[in-house]
């Protein structure tokens, strides 16, 4: 093998993983889009398997990246991963009268999650207890909300931030009209 081949095999796993994350895609989503099995995508990203040209072609098409661009040398610190507003997955929770934009990458689920929640008037998001030690931090961007955690209750206004246990029943409510909050969930 030449040094160039070794460089390619060293760069490729990280670059494919980086491209997948930049698109906000899970391993499962890339598998579905490319026709390459989830386990193979994972093995390639970990550097445990070298893809065939056909597999690499399918992955680059699914990730909408240029093959040559994957192998460009650049400093790892010289990049910014961006999730455009139009690309953020949104859950429209009609029963709670709110929509939840997921701002954190899929691989952060169960660790450090970030959400932009928009409430319609009288919207209420009631959550059962999360895992032990889970905490939430909420900042009100617009409107007024009431936050409950266990038996504690606080009314919050624009700019206010509340931190509270989420390993008990908790809720975010917008009883006074439309509201928008930024929520960080840190699982214990």
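What tally of residues in the range 89-99 results from selecting those that are within 12 Å of the chain's Cα centre (by Cα) and under 19 Å from residue 178 (Cβ atoms)? So that I can check it myself, show each step before the final result.
At the first step, the residues of the range 89-99 found to be within 12 Å of the chain's Cα centre (by Cα) are 89-90.
Next cut, under 19 Å from residue 178 (Cβ atoms) only: 90.
Here the count works out to 1.
When residue 121 is evaluated against the numbered criteria (1) closer than 30 Å to residue 175 by Cα; (2) part of a loop (DSSP other than H, G, I, E, B); (3) at pLDDT below 90, which criterion, by number, is the only one it fails? Failed condition: (3). Just so you know, in the range 131-147 the residues that are crowded, with 17+ Cβ neighbours inside 10 Å and more than 18 Å from the chain's Cα centre (by Cα) include one that is nearest to residue 171 (Cα to Cα), and it is 147.
The values are calculated or read from the model by the stated rules, or taken from the named source; none is laboratory data. Small disclaimer: the values here were computed from a predicted structure and weren't measured. Cβ sites come from the backbone with ideal geometry, for glycine too, and all protein chains shown count toward neighbours.
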